[in-house]
Amino acid sequence: MEWHQKSGLPLKRFFNTSGMKYKELGLKDRLPQMSEEEQYELLATDGMLVKRPLLVGEDFTIPGFREKDWIEKMNK
């Protein structure tokens with residue numbers, strides 16, 4: 001939860017939307033109806049649901065890899 005709050009991004013960005021598990025569970029249709037608490041619990045149950053890589057700093061979190069974002073944060 002702390003990483004999500006540091007990111008300022010929607011919680012959906014932390015899900016590996018291209019992963020098999022995401023598709024098997026039909027999360028594309030289920031996530032919009034789920035509470036944040038339910039989504040946190042789901043992410044905690046299976047690491048394959050979490051978007052990787054995950055860059056975590058003292059005051060930021062970046063899910064996934066976007067070179068521009070990573071360079072900006074790493075050069076501070």
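Observations on the model:
- Count of Lys pairs (Cα-Cα under 17 Å; at least 8 positions apart or interchain) in the stretch 2-74: 9
- Applying 1/(1 + (r/R0)^6) with r as the Cβ-Cβ distance of Arg30 and Asp69 and R0 = 35 angstrom yields a FRET efficiency of 0.80.
- Over the chain, relative contact order from alpha-carbon pairs under 8 Å, at least 6 apart, %: 33 percent
- Between Gly47, Met20, Met34, the Cα set farthest toward the positive side of the dipole of the chain (charges on each charged residue's Cβ, about the Cα centre) is that of Met20.
- Candidate values [x] 16, 32, 24, 17, 7, 3, 0; [y] 18, 51, 25, 6; [z] 15, 42, 36, 6, 0, label of the one derived for P(r) over Cα pairs in 10 Å bins from 0, in percent: [y]
- Sum of -39500 (n - 2.57) over DSSP H runs of 4+, divided by residues of the chain (222 nm, nearest 500): -10500 deg cm²/dmol
- Backbone amide hydrogens, once placed in the peptide plane, bring Val50 within less than 5 Å of Asn16, excluding anything fewer than 5 places away on its chain.
Quick note: the coordinates plus some simple rules give every number you see, no bench work behind them. What you see is a predicted model; the values in this text were computed from it and never measured. All Cβ positions, glycine included, derive from the backbone under ideal geometry; neighbour counts span all protein chains shown.
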